1. Please work out which one of (1) under 24 Å from the mean Cα position of the chain (by Cα); (2) touching a residue at least 24 places away in the same chain (Cβ under 8 Å) is the condition ALA35 fails and give its number.
2. So SER107 ticks every box in (1) of a type in the set (S, T, N, Q); (2) farther than 23 Å from TYR155 by Cα; (3) at pLDDT below 95 but one. Which box is left unticked?
3. Of everything in the range 222-253, what is over 19 Å from the mean Cα position of the chain (by Cα) and open to solvent by 20 Å² or more (accessible area, probe 1.4 Å)? Give them in sequence order.
4. Pull up the range 104-137, narrow it to residues that are assigned to a strand (DSSP E or B) and touching a Leu at 6+ places or on another chain (Cβ under 9 Å), then point me to the one that is most open to solvent (accessible area, probe 1.4 Å).
5. Which of (1) at pLDDT below 95; (2) surrounded by fewer than 16 Cβ atoms within 10 Å (Cβ to Cβ); (3) not acidic (Asp, Glu) is the odd one out, the single condition ARG216 does not satisfy?
6. What tally of residues in the range 27-48 results from selecting those that are open to solvent by less than 60 Å² (accessible area, probe 1.4 Å) and either under 19 Å from TYR259 (Cα atoms) or not in a helix (DSSP H, G or I) (or both)?
7. For residues in the range 51-103 being in a helix (DSSP H, G or I) and over 24 Å from GLY169 (Cα atoms), which is most open to solvent (accessible area, probe 1.4 Å)?
Amino acid sequence: MVVSFHPIFKTDLNLICAGRDPGLEELAAIQSARAVILPQGCPQQLYQMAYENCLHVFPNYDARFRYPGKTGQIRLFRDTDAPHPETEIFRNTSDFRMRYPEDGYPSFPVVFKFDWGGEGDTVFLLQTPADLKDLLQHADRCEASGQMGFLLQQYIVSGNRSLRVVVIGERTLSYWRTHAGEKRFHASLSKGAQVDLTSDPVLKQRAEALVNGFCRRAQINLAGLDVIFAAEDPRQPPLLLEINYFFGRVGLGGSEAYYRILRKEIRRWLKRVGA
């Protein structure tokens, strides 16, 4: 028996566990299943139940829950020797001030990323010590409400674009997100970037090779990864920026196109694991 918690993939037994914790019914179904299909927005408790009680679980979210947040992703990059911009991780503002007791930071511009958030909403390009001071004060306020952790990352001039590489099972798709002719820092579609499917195919191949190798080591089979190249010398190796376990579908042709690919890849995975 195959059990699916994903509403778009129908199997022998279909369950929905949205908005509540899994219970005895879900546990019994998982324990009797040959394979379990989980939703993309799977909560940790459901994933842990599936992982501990069934041999075959899709998607593999071990990395997502073992390396949470943006700071966790940097640790994952380090543990897997994946190339990425130079980065310093800080547990909180006190941690930062212990390392840098004087005002400022050794090098500007620098990228500031809070440990949470998506679509560039908690990512900032800082040009001066005053910019950093303002963000640290904001971080102090976030910590008062329980949100902690941030990183400072080397700024790579990338020509106002980044490459989104999406891994769905054994399928890899990629597209550029670019602000053509604009001096913009964010390259996310939510910030006005445009999709470019065709430019620089050689660079795309290099980025896809990097992502595929990384995902094999990290055992990631459903995610969108952001990759950048240094604009002044694209011959330099591509660099990983972030992993997005929730990702937009515009660059994939829309939700229906994405679901067609996802269903096909789940069926391929089920056949491969003998379920």
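The values are calculated or read from the model by the stated rules, or taken from the named source; none is laboratory data. Given the structure is predicted, the values throughout are model-derived calculations rather than measurements. Counting neighbours? That spans all protein chains shown, and the Cβs are built from the backbone with ideal geometry, glycine included. For the accessible areas, the whole protein counts, side chains as well, though only heavy atoms, and no ligand, DNA or RNA atoms are used. Shrake-Rupley method; radii C 1.70, N 1.55, O 1.52, S 1.80 Å.
1. (1)
2. Only one criterion in (1) of a type in the set (S, T, N, Q); (2) farther than 23 Å from TYR155 by Cα; (3) at pLDDT below 95 is unmet by SER107, namely (2).
3. Restricting attention to the range 222-253, the residues satisfying the condition of being over 19 Å from the mean Cα position of the chain (by Cα) are 230-237, 253.
Within the range 222-253, ALA231, GLU232, ASP233, PRO234, ARG235, GLN236, PRO237, GLY253 qualify.
4. My answer is PHE124.
5. ARG216 satisfies all of (1) at pLDDT below 95; (2) surrounded by fewer than 16 Cβ atoms within 10 Å (Cβ to Cβ); (3) not acidic (Asp, Glu) except (1).
6. Total satisfying the criteria: 10.
7. MET98
This table checks each residue for (1) in contact with a Gly (Cβ under 9 Å, 6 or more places away or on another chain); (2) modelled with pLDDT of 95 or more.
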{"site": "SER158", "(1), (2)": "no, no"}
{"site": "VAL165", "(1), (2)": "yes, yes"}
{"site": "THR178", "(1), (2)": "yes, no"}
{"site": "ARG184", "(1), (2)": "yes, no"}
{"site": "ALA209", "(1), (2)": "no, yes"}
